[in-house]
Amino acid sequence: MLHKFNTGIAKRYGIHAALMADYIRSEIIENEFHGRACHNGQTWMRSSQMMFTAVMPYLSKHAVHRSIKKLIQDGILVRGEFNVSRFDRTAWYGFTQFGHSLMIENENEDYQ
């Protein structure tokens with residue numbers, strides 16, 4: 001599987017955070033295309049830390065946790081819980097307006 005990352009995000013937040021942001025963005029785009037995972041007027045992606053490490057086996061669970069925490073603290077991602085079962089603690093992730101604009105802005109820089 002080919003994984004890529006946004007170099008502008010990597011410069012600001014690190015390679016692991018850039019990998020996570022790009023993967024989350026691609027999942028959200030896929031969900032938008034299929035019209036699923038829409039809550040509160042925003043499209044989200046749902047994943048546990050274990051699921052992230054299954055997709056990106058080169059990242060440890062700790063690296064995934066740290067990267068997501070950093071992206072949330074820096075106002076790029078938001079975390080939601082839209083699970084049907086109250087016992088399901090799987091997190092949902094979406095981009096803030098700032099995070100979305102940052103991804104697009106840096107994506108355009110990568111291809112100039």
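Bear in mind these aren't lab numbers, they're just calculated from the coordinates by the rules spelled out. What you see is a predicted model, and the numbers here were worked out from it, not measured in a lab. Quick reminder, even Gly has a Cβ in these numbers, built from the backbone with ideal geometry, and neighbours come from all protein chains shown.
For the reader, a short list of remarks on this structure follows.
- From helices alone, the chain scores -17000 deg cm²/dmol at 222 nm; the rule is -39500 (n - 2.57) for each run of n ≥ 4 DSSP H residues, then divide by the residue total.
- GNM remark for the chain: springs join alpha carbons under 10 Å apart, and the peak mean-square fluctuation among 11, 70, 61 falls on 11.
- Largest GNM mean-square fluctuation among 13, 93, 23, using the chain with Cα springs under 10 Å: 13.
- Sorted ascending by nearby beta carbons within 10 Å, beginning with the fewest, 26, 47 become 26, 47.
- Of every Cα-Cα pair in region 9-107, the percent that sits beyond 23 Å: 21
- Helix 61-73 axis, angle to the chain major axis (alpha carbon atoms, nearest 10°): 80
- Once the Cα atoms are used to define both axes, helix 97-110 deviates from the longest principal axis of the chain by about 40 degrees.
- Considering only 59, 71, 19, the Gaussian network model of the chain with Cα springs below 10 Å gives its largest mean-square fluctuation to 59.
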